[in-house]
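The values are calculated or read from the model by the stated rules, or taken from the named source; none is laboratory data. Keep in mind the model is a prediction, meaning the values are calculated, not measured. Here Cβ is always computed from backbone atoms with ideal geometry, including for glycine, and neighbour counts include all displayed protein chains. Just the protein is used for accessible areas: all its heavy atoms, side chains included, with ligands, DNA and RNA removed. Shrake-Rupley method; radii C 1.70, N 1.55, O 1.52, S 1.80 Å.
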Amino acid sequence: LLLGAKAIASREGVPMVTHLSWSQGEVDKSKAQTGKRPVEHFADLGLLGPDLTLVHLIQTEESEIELVRQAETPVVHCPAAAIRRGMGAIRIGRFPEMLKAGIPVALGSDGWSTKHDVTRQAYLAATLFNEFRNEVPVITTETAWEMATVHGARALGMANEVGSLQVGYRADIVVHRRDRPGPFTDDPVPYLIHYGQSSTVHTVYV
């Protein structure tokens, strides 16, 4: 079924999206049934590739990250959903390592777990890893912004249409106000991620 779905998605140019390695229980079940961790099993099935997007990927080992990197498979990190359920995405998640390996890690909100606000997810990604890694910053605001934009476009299979301001891309633009109470910074990226988020949206052009 998965192989058939991937073939159909590939023909239409739309990525197949699946949740994977959300919990330790899922990993244990995969190992019991297949003898492999989830990412390893997907690699054996030939499912990994740029036309597959993996959501969550909390429970991963270095060998799995390398498989994802080699296959150029995008990943979606959903920090608020994982935090709400106590899944360990920040405590044990290897998303900074994925980013350093060159894997396009996007951001998601996932279901009913939180507001569907990508800048809120960017704030969590740019701050919470600092607490567990004893390093500042682990993920810079600029990287978190890329996760929310260009990486998100790749995860959706739309990297040639949206995600950045370029000639020929869709002219979808969000204008943010700078006159709300709060710290003022000359750099709009940390201002938007740390202080503004969706509360400063002024105008949306589609």
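Just to be sure, is ILE65 at pLDDT 95 or above, touching a Lys or Arg at 6+ places or on another chain (Cβ under 8 Å), within 22 Å of ILE193 (Cα to Cα) and not small (Gly, Ala, Ser)? Considered against the rule, which asks whether it is at pLDDT 95 or above, touching a Lys or Arg at 6+ places or on another chain (Cβ under 8 Å), within 22 Å of ILE193 (Cα to Cα) and not small (Gly, Ala, Ser), ILE65 comes out as no. Contact map, region 127-144: residues that are farther than 16 Å from ILE193 by Cα paired with residues that are of a type in the set (Val, Ile, Thr), Cβ distance under 7 Å, separation 6+ or inter-chain. Pairs shown: PHE132/ILE90. Being surrounded by 15 or more Cβ atoms within 10 Å (Cβ to Cβ) and free of Cβ contacts under 8 Å to residues at least 60 places away in the same chain is true for just one of GLY35, GLY86, GLY93. Which residue is that? One residue alone meets the criteria, GLY93. Going by the structure shown, is VAL189 closer than 18 Å to TRP145 by Cα, loosely packed, with under 12 Cβ neighbours inside 10 Å and modelled with pLDDT of 90 or more? Answer is no for this residue.
Take region 151-206 and flag every residue that is of a type in the set (Phe, Trp, Tyr) and touching a Pro at 6+ places or on another chain (Cβ under 7 Å).
Listed by number, the list holds a single entry, TYR195.
For region 24-62, which positions are aliphatic (A, V, I, L, M), farther than 28 Å from ALA159 by Cβ and in contact with a Lys or Arg (Cβ under 9 Å, 6 or more places away or on another chain)? Listed by number, the list holds a single entry, VAL27.
May I ask you to verify whether LEU124 is surrounded by 20 or more Cβ atoms within 10 Å (Cβ to Cβ) and more than 17 Å from LEU99 (Cβ to Cβ)? No, not satisfied. Taken together, the criteria exclude ASP117 from residues that are modelled with pLDDT under 95 and farther than 28 Å from GLY86 by Cα.
If I filter region 38-62 down to residues being surrounded by 16 or more Cβ atoms within 10 Å (Cβ to Cβ) and acidic (Asp, Glu), which single residue comes out as modelled with the lowest pLDDT? Among residues in region 38-62 that are surrounded by 16 or more Cβ atoms within 10 Å (Cβ to Cβ) and acidic (Asp, Glu), the one modelled with the lowest pLDDT is ASP51. For residues that are of a type in the set (Ser, Thr, Tyr) and over 15 Å from the mean Cα position of the chain (by Cα), scanning just region 10-69, find the one that is farthest from ALA89 (Cα to Cα). Among residues in region 10-69 that are of a type in the set (Ser, Thr, Tyr) and over 15 Å from the mean Cα position of the chain (by Cα), the one farthest from ALA89 (Cα to Cα) is SER10. For region 128-144, residues that are surrounded by fewer than 21 Cβ atoms within 10 Å (Cβ to Cβ) and either touching a strand residue (DSSP E or B) at 6+ places or on another chain (Cβ under 6 Å) or not β-branched (Val, Ile, Thr) (or both) total 9. Scanning region 68-83 for residues that are open to solvent by 60 Å² or more (accessible area, probe 1.4 Å) and at pLDDT 95 or above turns up ARG69, GLN70, GLU72.
Candidates in region 120-139 are the residues that are of a type outside the set (A, V, I, L, M) and within 28 Å of LEU48 (Cα to Cα); of these, the one that is nearest to the chain's Cα centre (by Cα) is GLN121.
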